[in-house]
Structures are given as structure tokens and as C-alpha cells.
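Student: Attaching a single structure in C-alpha cells format; questions to follow.
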């Protein structure tokens, strides 16, 4: 597969009272079409900054981004963005929230065709009986499902997920990971996700990209994830490479993330927090999903 997303020498500098603050410097990454890649690193290292620039929600200081052969300038409906928090219009039902974007993206389609698109994606995420409810009548997880349905319904070229399950309890988070993977398997959208959860990164991704700590954060290490798809959580955790890869990621976060490649600087004396140990849960029933908001055109 050819390169579908090209991030070339991406740099982000903010002005500050102490002078220019270089958050990300010379960040380089390539994604193939249909690939699921995760950015992992400590809080504040610049993961969301990179994602924001790819989404067009944050200006690029230097470097460039090419998606499907076209240089990205600003936000657009070709990228669906998933945030931690729901962002549905409270005066619209779940159906109307999804239809709002579908009407704009498929304005040449007939009303019947648009209706079929909305109902299909709300049904796929498990909201067939709740599509005419308002956000205030839905649980957090159900509101997240509406957002995911909306993003997939617009058929973006790429999904960008910024810690989409970060606000959910463990059981709901596991359920929504399964829902996201099932939708991703059907549509095979190219996806770039930000997380600080090692187990989540290994379960969802084809590759995990470890970012060094800032300032001047960049790619520190890239791990290929060998687990076959479609994935079963129990089988993934039983794979002989699972705990080796998990330990490699934790080791990077604890040590190597704190020094820039080639600097020779030792890691700080206080260790970074370990990721929570993996917990094996029974296969849950799908009940909720993370908010997927679509960047404005």
C-alpha cells in the first residue's frame, strides 16, 4: 500500500512570556491507507498538538501534511475527529445530530437516501431504539455512540481520535473499543489515535508511535503490532508477544521518553507512573461509544 497520510517535519511553536515555546519539532510520520496508528506518550508531550494540526484545528508553524495526495490547509469534512467529551447539539435528537452533517455532505442525495445513511450508522452503533431521543435522555456512552455514527456517516477519508475513551469507566471503555474496531473493520478508514493507555494502543493499533517528552517532542520509537485481525481481546492478551510489547512501551514511557534521541541525557530521577495492569474482563454487551465530532468544513 502506498503512503496515504504524510506528515513531514511538522513543527508547532507558541509565543510565550519567555519567548517561543517549541512544543513539537520535526515530527515525521507516514500512514498507509486503511492503517490504524496510535500516538502514545506522557500527558503534555504534544500528542494532541500533532492531532490538532492534522485535523486543521491548529495552525502549523512549519512542515506540511498531505492526505490522499492533497496538502491539508485548515479543517475539512474529509477528517472526522473524535474528542473525549461529547459535543452534540442538545436541542436535536440523536437522529437529527447525525442528519445535520449528512445533509451537508450528501446534499445531492434524495431524502430517502440520506435517511437510510443516518439510520444505518445509528443502528450499527447500537442505537436503533434510541435514535429519536435527545442527548439529555442518553447516557454518556450513548452520546459517544451518536458522535461515532455521525463521523462514519460522513464517509471521511480519515479518522482522528483524541483519547476518545478517556472519560469512560473501564467496562464501558472496553465495550466502545470493540464497537470502534467493528466499524473500522467494515469501513477500513485510515485512523490516527492519541492515547496514554498502553493496553488500548496494543489492542487497537497496527503500529504504536511513541513520542518523546517536550519541549521539541518528536517520534521516539515505533512498534509494529503483530496481532491478527479481526481481534479478540482474550486472544490478543494470550499472544506470546503481548506482554513483551507492553513492557517495551512502559519502558519507553518510564525512561526513554524523557530524553531526546542522541542527547545522552539521563532519565529523571522520579519514575513516570506505570500503566495500569491489564485486566481480563468477560466479553461485554455493547452499550456505549466515544464522541466523534467532525471538523467543520
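Student: Kindly indicate which of 55, 21 is farther than 30 Å from residue 246 by Cα, surrounded by 14 or more Cβ atoms within 10 Å (Cβ to Cβ) and either at pLDDT below 90 or out of contact with any helix residue (DSSP H, G or I) (no Cβ under 6 Å at 6 or more places or on another chain) (or both). Explain how you work it out, then say what you get.
Tutor: Numbers: 55 fails: farther than 30 Å from residue 246 by Cα.
Unique residue meeting the criteria: 21.
Student: Regarding the range 61-74, can at least one residue be identified that is touching a strand residue (DSSP E or B) at 6+ places or on another chain (Cβ under 9 Å), closer than 30 Å to residue 127 by Cα, surrounded by 19 or more Cβ atoms within 10 Å (Cβ to Cβ) and modelled with pLDDT under 95?
Tutor: Scanning the range 61-74, I find no residue that is touching a strand residue (DSSP E or B) at 6+ places or on another chain (Cβ under 9 Å), closer than 30 Å to residue 127 by Cα, surrounded by 19 or more Cβ atoms within 10 Å (Cβ to Cβ) and modelled with pLDDT under 95, so the answer is no.
Student: Now, a different point. Residue by residue through the range 29-44, note down the ones that are in a loop (DSSP other than H, G, I, E, B) and closer than 30 Å to residue 228 by Cα. Show your work before the answer.
Tutor: From the range 29-44, those in a loop (DSSP other than H, G, I, E, B) are 33-35, 41-44; that's our starting set.
Hits for the range 29-44 are 33, 34, 35, 41, 42, 43.
Student: Looking only at the range 102-127, which residues are surrounded by fewer than 14 Cβ atoms within 10 Å (Cβ to Cβ), within 18 Å of residue 144 (Cα to Cα) and in contact (Cβ under 8 Å) with a residue 60 or more places away in the chain?
Tutor: Answer for the range 102-127, where residues must be surrounded by fewer than 14 Cβ atoms within 10 Å (Cβ to Cβ), within 18 Å of residue 144 (Cα to Cα) and in contact (Cβ under 8 Å) with a residue 60 or more places away in the chain: there is none.
Student: Residues being in contact with a strand residue (DSSP E or B) (Cβ under 9 Å, 6 or more places away or on another chain) and more than 15 Å from residue 192 (Cα to Cα): count how many of those fall in the range 214-228.
Tutor: Taking the range 214-228 as the starting set, the residues that turn out to be in contact with a strand residue (DSSP E or B) (Cβ under 9 Å, 6 or more places away or on another chain) are 214-225.
Now restrict to residues that are more than 15 Å from residue 192 (Cα to Cα): 214-218, 220-221.
Residues in the range 214-228 being in contact with a strand residue (DSSP E or B) (Cβ under 9 Å, 6 or more places away or on another chain) and more than 15 Å from residue 192 (Cα to Cα): 7 in total.
Student: So, of the residues in the range 214-223 that are part of a loop (DSSP other than H, G, I, E, B) and closer than 16 Å to residue 51 by Cα, which turns out to be nearest to the chain's Cα centre (by Cα)? Outline the logic, then answer.
Tutor: At the first step, the residues of the range 214-223 found to be part of a loop (DSSP other than H, G, I, E, B) are 214-216, 218.
Retained after the next criterion (residues that are closer than 16 Å to residue 51 by Cα): 214, 216, 218.
Values: 214: 20, 216: 22, 218: 18 Å.
Applying the filter and picking the extreme gives 218.
Student: Considering only residues that are outside any strand (DSSP E or B) and either in contact with a helix residue (DSSP H, G or I) (Cβ under 6 Å, 6 or more places away or on another chain) or without any contact (Cβ under 8 Å) to a residue 24 or more places away in the chain (or both), which ones fall in the range 60-74?
Tutor: Restricting attention to the range 60-74, the residues satisfying the condition of being outside any strand (DSSP E or B) are 60-61, 68-69, 72-74.
Those that are outside any strand (DSSP E or B) and either in contact with a helix residue (DSSP H, G or I) (Cβ under 6 Å, 6 or more places away or on another chain) or without any contact (Cβ under 8 Å) to a residue 24 or more places away in the chain (or both): 60, 69, 72, 73, 74.
Student: Additional query: Being part of a strand (DSSP E or B), buried (at least 19 other Cβ atoms within 10 Å of the Cβ), touching a helix residue (DSSP H, G or I) at 6+ places or on another chain (Cβ under 8 Å) and at pLDDT 95 or above is the requirement here; does residue 192 meet it? Write out each step before concluding.
Tutor: Details: part of a strand (DSSP E or B): yes; buried (at least 19 other Cβ atoms within 10 Å of the Cβ): yes; touching a helix residue (DSSP H, G or I) at 6+ places or on another chain (Cβ under 8 Å): yes; at pLDDT 95 or above: yes.
Answer is yes for this residue.
The values are calculated or read from the model by the stated rules, or taken from the named source; none is laboratory data. Predicted model only: the values in this text are computed from it and were never measured. With ideal geometry, Cβ positions are generated from the backbone for all residues, glycine too; neighbour counts draw on all protein chains shown.
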